[in-house]
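First the structure, in the form of structure tokens, and then the observations on it.
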């Protein structure tokens with residue numbers, strides 16, 4: 001089943017950004033650069049493990065999920081110290097002897113908490129070339145789905161666990177959690193039901209930290225709907241199936257379920273990534289319509305603020321960071337990836353940009369997906385290696 005995460009928006013007329021072609025850049029030429037406090041520290045997955053999700057940042061520590069025969073949550077601090085903060089070998093619903101069964105699409109963090117959705121799938125966490133896990137057996141049927149959440153210092157516990165019914169009854173099953181984010185009010189959970197079904201569900205909901213359903217935040221979503229959450233906000237991208245129609249950014253106030261921004265400006269065709277911080281600032285990577293009234297360039301990094309209809313250009317050098325387009329925003333600064341040099345098309349660096357400051361590359365940090373930034377530390381992963389760097393306060 002093809003599925004992906006989701007984003008949210010605010011009720012503002014799309015025409016408010018019709019003049020995006022004339023948006024002013026936020027970085028002035030010759031402005032001073034930010035500084036990197038220390039060098040980059042790294043941690044590799046344990047022998048036999050694969051990096052499944054992350055990193056995210058919790059209390060300035062990089063946190064990720066890796067798996068093999070067990071599922072582990074590990075952390076890395078700015079001094080290079082690593083810790084295992086969670087471990088499980090439980091595989092509810094799976095037959096005895098199910099090999100390398102753990103699958104995690106993403107991990108979320110907020111206010112000292114972590115959350116992730118784990119699926120038990122035969123061979124999902126098997127390293128390449130594992131006997132009993134030939135390509136024909138990879139990605140088999142899902143035996144169970146569990147939503148985990150809790151403080152980084154523990155306990156991290158299952159708050160919802162489902163064992164899907166047999167295929168003949170798949171359309172009778174309740175929606176399964178697929179991806180999760182953390183807001184002040186609880187867990188923002190993207191749920192989908194089996195397809196094809198006459199009444200298939202794809203929705204974004206708010207659950208309490210104990211797993212109880214509080215409210216539905218968005219319904220009738222495309223099967224692939226990226227989303228993020230921070231503070232009292234969640235942002236999602238409603239991707240258009242029609243090439244002539246732009247994607248839509250929607251931002252929702254989590255505590256009320258009210259849509260506060262719905263952005264579909266005529267100059268923006270595709271939204272490649274979105275990031276959101278708890279103050280209501282957001283950042284977008286966009287491609288433009290190629291018309292006479294719009295910019296004839298791709299890969300703009302734009303920033304905006306909930307309650308203000310203006311979206312401004314922060315950087316125009318992000319196109320070569322694709323195909324991964326992860327970005328992060330905190331304290332008015334945005335972390336993203338860009339190509340190191342024109343002669344190195346595959347070498348992409350992590351860069352931090354802020355209004356009034358020239359973009360600052362992080363020395364020795366290779367860009368990966370996802371990218372996490374909390375204003376003081378930045379983290380990403382590359383080739384099953386987690387990287388973390390400290391950034392001094394302004």
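The values are calculated or read from the model by the stated rules, or taken from the named source; none is laboratory data. For clarity, every value in this text was computed on a predicted model and none was experimentally measured. With ideal geometry, Cβ positions are generated from the backbone for all residues, glycine too; neighbour counts draw on all protein chains shown.
Is it fair to say residue 290 is under 21 Å from residue 234 (Cβ atoms) and at pLDDT below 75? I'd like the intermediate steps shown before the answer.
Numbers: under 21 Å from residue 234 (Cβ atoms): no; at pLDDT below 75: yes.
In short, no.
Each row is one residue, and each column tells you yes or no for (1) at pLDDT below 85; (2) closer than 28 Å to residue 214 by Cβ; (3) part of a strand (DSSP E or B).
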{"residue": "260", "(1), (2), (3)": "no, yes, yes"}
{"residue": "273", "(1), (2), (3)": "no, yes, yes"}
{"residue": "303", "(1), (2), (3)": "no, no, yes"}
{"residue": "346", "(1), (2), (3)": "yes, no, no"}
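Within the range 360-390, being crowded, with 24+ Cβ neighbours inside 10 Å and in a loop (DSSP other than H, G, I, E, B) holds for one residue alone: 367. All of (1) at pLDDT 85 or above; (2) in a strand (DSSP E or B) hold for residue 338 with one exception: (1). When 72, 76, 52, 46 are checked against the criterion of being within 18 Å of residue 152 (Cα to Cα) and either surrounded by fewer than 14 Cβ atoms within 10 Å (Cβ to Cβ) or free of Cβ contacts under 8 Å to residues at least 40 places away in the same chain (or both), a single residue qualifies: 72.
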